Amino acid sequence: MKICVLPGDGIGPEITAEAVRVLKALDLAVEMEEALLGGCAVDATGDPYPEATQKLAQAADAVLLGAVGGPKWDSYPREQRPERGLLGIRKQLGLFANLRPAILYSELANASTLKPDVVAGLDILIVRELTGDIYFGQPRGIEVRNGERFGLNTMHYTESEIRRILRVAFEAARKRSRKVCSVDKMNVLECTQLWRDVAIETGREYPDVELSHMLVDNAAMQLVKNPRQFDVMVTGNMFGDILSDEASMLTGSIGMLPSASLDANNKGLYEPCHGSAPDIAGKGVANPLATILSVAMMLRYTFVNDAAARRIEDAVKKVLAQGFRTGDIYEPGMKQVGTREMGDAVLAAL
Ligand code: IPM
Ligand code: MG
């Protein structure tokens with residue numbers, strides 16, 4: 001198993017280090033090599049996704065990413081922003097299927113800002129299309145038209161792009177509660193009328209899975225009103241970006257949530273849902289559990305090793321049950337620990 005490790009910026013290097021320790025402790029035949037992505041890559045080479053990283057990422061079976069970005073690079077030209085590196089690697093590797101689970105750990109029920117009876121037992125999987133939509137559509141840019149500045153982006157999807165992400169959602173639902181909710185804005189946007197039409201057509205291939213449809217504004221509302229009505233939600237790149245942040249916050253602990261971005265052959269990039277948290281970078285207090293759980297997703301999806309994935313997930317549940325908490329999930333009476341100690345606790349539990 002060849003893994004390309006991209007620690008990235010901010011807390012990225014700290015949390016990735018713990019995930020790498022956990023992976024090593026499993027004694028699997030893994031080969032890991034590190035490279036630069038994001039702001040650190042811009043600083044070193046001027047390019048957020050340099051050639052050397054591209055080569056390594058293309059040759060690897062899986063990529064483990066910490067996080068990219070930070071205020072330092074916000075004023076840089078667009079092609080030199082860390083986010084460009086992330087969008088670049090997703091597009092280049094064809095990682096079109098982004099899986100973002102939002103699970104409420106019973107030990108952390110109080111972390112949510114929603115009432116416990118609304119979120120208890122929450123287990124949603126957001127399937128977000130990741131290489132199309134308004135994120136990548138041409139034409140785009142800021143130009144001058146009729147003497148004033150004019151901003152332009154283009155939303156588009158082909159039916160094959162829609163069909164392949166819908167299939168990922170239906171397949172995932174078959175391993176869960178067999179319910180898919182497809183999210184669009186067909187009352188206004190033609191592109192998403194096509195999305196709905198193709199969703200309905202694809203749904204006929206999966207008669208055992210219940211398909212429903214929801215407009216994105218209503219979906220945003222339903223997520224806070226009654227989130228447990230959802231099992232798998234599938235949507236485009238832009239809506240998925242927004243709804244996945246919303247869903248992760250239902251759990252109150254974005255520091256716990258992993259994600260996978262897969263190509264058609266289950267090669268994947270695995271990263272925590274949270275960002276680079278520059279405010280706490282280098283302090284050794286960041287929560288490494290989302291990155292550690294991302295390793296579990298890697299083992300499950302790319303390396304098809306469910307047993308190893310479960311070992312990691314069980315170890316994480318055990319440290320929570322033992323009362324270990326980083327600052328983001330701390331409650332009075334628990335044992336507050338830093339990044340390294342949390343990693344130690346997971347290793348001990350393994
Ligand atoms: C995410 C992030 C990225 C996105 C940014 C950093 C480019 O918000 O992974 O959700 O918009 O996809
Ligand atoms: Mg986002």
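May I ask you to rank 285, 168 by accessible area, largest first, using a 1.4 Å probe over the protein chains only? Provide the component values of the computation, followed by the final result.
Numbers: 285 65, 168 35 Å².
Greatest to least solvent exposure: 285, 168.
Which of 183, 20, 304 ends up with the largest GNM mean-square fluctuation for the chain, with Cα atoms connected below 10 Å?
304
Counting Lys and Arg as +1 and Asp and Glu as -1, what is the net charge of the other residues whose Cβ lies under 15 Å from the Cβ of residue 229?
Values: positive: 176, 178, 179, 225, 228; negative: 117, 123, 210, 231, 246.
Charge balance in the 15 Å sphere: 0.
Which value in deg cm²/dmol, rounded to the nearest 500, describes the helix-derived mean residue ellipticity at 222 nm for the chain, given -39,500 (n - 2.57) per DSSP H run of n ≥ 4 and division by the residue count?
-12000 deg cm²/dmol, from helical runs alone.
Taking the Cα centre of the chain as the origin and placing charges on Cβ (Lys, Arg +1; Asp, Glu -1), which of 46, 147, 291 is farthest toward the positive end of the dipole?
Sorting the options by dipole projection puts first 291.
Only bridges whose two residues both fall in region 104-253 count here: according to DSSP, what percent of them are antiparallel, nearest 5? Each step should come with its number before you reach the end.
Numbers: 5 of 18 bridges.
Once the DSSP bridges in region 104-253 are tallied, antiparallel ones form about 30 percent.
So if each residue of separation counts as 0.36 nm, and I subtract the Cα-Cα distance between residue 314 and residue 138, what length gain in nm does that give? Display every interim value, and only then the final one.
Working: separation 176, 0.36 × 176 = 63.36 nm, distance 4.48 nm.
Once the chain is fully extended between residue 314 and residue 138, it gains 58.9 nm.
Most mobile of 186, 233, 221 per a Gaussian network model of the chain (Cα springs, under 10 Å)?
Of 186, 233, 221, the most mobile in the Gaussian network model is 221.
Just in region 182-231: which trypsin sites (Lys or Arg not before Pro) are loop by DSSP and have at most 16 other Cβ atoms within 10 Å?
Values: sites: 185, 196, 204, 225, 228; in loops: 185, 204.
Within region 182-231, the qualifying trypsin sites (Lys or Arg not before Pro) (loop, at most 16 other Cβ atoms within 10 Å) are 204.
Quick one: with all protein chains in place, what share of the accessible area of region 54-207 is carbon or sulfur, to the nearest percent (1.4 Å probe)? Intermediate results must be reported in sequence, preceding the final value.
On the way: 3890 of 7680 Å².
Its accessible area is 51 percent carbon and sulfur atoms.
Which log10 I(q)/I(0) values does region 179-270 give at q = 0.11, 0.21, 0.22 Å⁻¹ under the Debye formula, counting every alpha carbon as one identical point scatterer?
Cα-only, vacuum Debye calculation for region 179-270: -0.36, -1.19, -1.25.
How much length is gained on full extension from residue 190 to residue 27, taking 0.36 nm per residue of separation minus their Cα-Cα distance?
Details: separation 163, 0.36 × 163 = 58.68 nm, distance 5.09 nm.
Fully extending the segment from residue 190 to residue 27 adds 53.6 nm.
Can you tell me how region 104-253 classifies by the Cα gyration tensor, rounded, prolate or oblate, using a/c under 1.5 as the rounded cut?
On the way: a/c = 2.54, a/b = 1.40, b/c = 1.82.
Here region 104-253 falls in the oblate category.
Would you mind working out the accessible area per residue for the chain, using a 1.4 Å probe, and quoting it in Å²?
Working: 15250 Å² over 350 residues.
Normalised by residue count, the accessible surface of the chain is 44 Å².
Over the Cα atoms of the chain, Rg to Rh with Kirkwood Rh, two decimal places?
Details: Rg = 20.0 Å, Rh = 20.8 Å.
Rg/Rh: 0.96.
Starting from the Cα of residue 79, move 7 Å in the Cα-to-Cβ direction to define the label point; list residues of region 130-166 whose amide nitrogen is under 16 Å from there.
140-142
Among the aspartates and glutamates, which fall within straight-line cross-link reach of residue 335, defined as a Cα-Cα distance under 14 Å, with same-chain neighbours fewer than 8 residues apart omitted?
List returned: 107, 344.
The values are calculated or read from the model by the stated rules, or taken from the named source; none is laboratory data. If you're wondering where the values come from, they're calculated on a predicted model, not measured in any experiment. Positions of Cβ are generated from backbone atoms using ideal geometry, with glycine treated the same way; all protein chains shown enter the neighbour counts. Please note that ligands, DNA and RNA were not included when accessible areas were found on the heavy atoms of the full protein model with its side chains. Shrake-Rupley method; radii C 1.70, N 1.55, O 1.52, S 1.80 Å.
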